[in-house]
Amino acid sequence: MMFYYKGAFRETDNVIYFKSDVSLVQNDVVLFGEKKYFIESVEKEFLLLQRVGSIVSVSL
């Protein structure tokens, strides 16, 4: 089964359309090539995306 989504970026007019093998939910991170996006919110098939910078490992 395929899931079809429309994503928008905060404070821009850019919209992307894409499909996924799995259902996406809030707080997931999606990869588009080298770029990573955090899903801030999900409303039906519409996602609000925020670009992710570096992912860094830290010790606790």
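The values are calculated or read from the model by the stated rules, or taken from the named source; none is laboratory data. All values reported here derive from a predicted model rather than from experimental measurement. When we count neighbours, we look across all protein chains shown, and the Cβ atoms used for this are built from the backbone with ideal geometry, even at glycine. Heads up: the accessible areas ignore ligands, DNA and RNA and are worked out on the full protein's heavy atoms, side chains in. Shrake-Rupley method; radii C 1.70, N 1.55, O 1.52, S 1.80 Å.
Only aspartates and glutamates eight or more places from residue 6 in sequence, or on another chain, were considered; those with a Cα closer than 18 Å are 21, 28, 40, 43, 45.
For region 3-60, the Cβ-based charge dipole about the Cα centre amounts to some 80 debye (Lys, Arg positive; Asp, Glu negative; other atoms uncharged).
Sum up the charges of everything whose Cβ sits under 13 Å from the Cβ of residue 54, counting Lys and Arg as +1 and Asp and Glu as -1, but leave residue 54 out. Taking every Cβ under 13 Å from that of residue 54, the sum is +2.
Leaving out ligands, DNA and RNA, what percent of the accessible area of the chain is carbon and sulfur, probe 1.4 Å? That share works out to 52 percent. Per residue, the chain exposes 83 Å² of solvent-accessible protein surface, assessed with a 1.4 angstrom probe and all protein chains in place. From most to least packed by mean Cβ count within 10 Å, the peptides 14-23, 29-38 give 29-38, 14-23.
What are the semi-axes of the equivalent ellipsoid of the chain, taken as the square roots of 5 times the eigenvalues of the Cα gyration tensor, listed largest first and rounded to whole Å? Could the numbers behind the result be given before it?
Details: eigenvalues 87, 41, 24 Å².
Rounded to whole Å, the semi-axes are 21, 14, 11.
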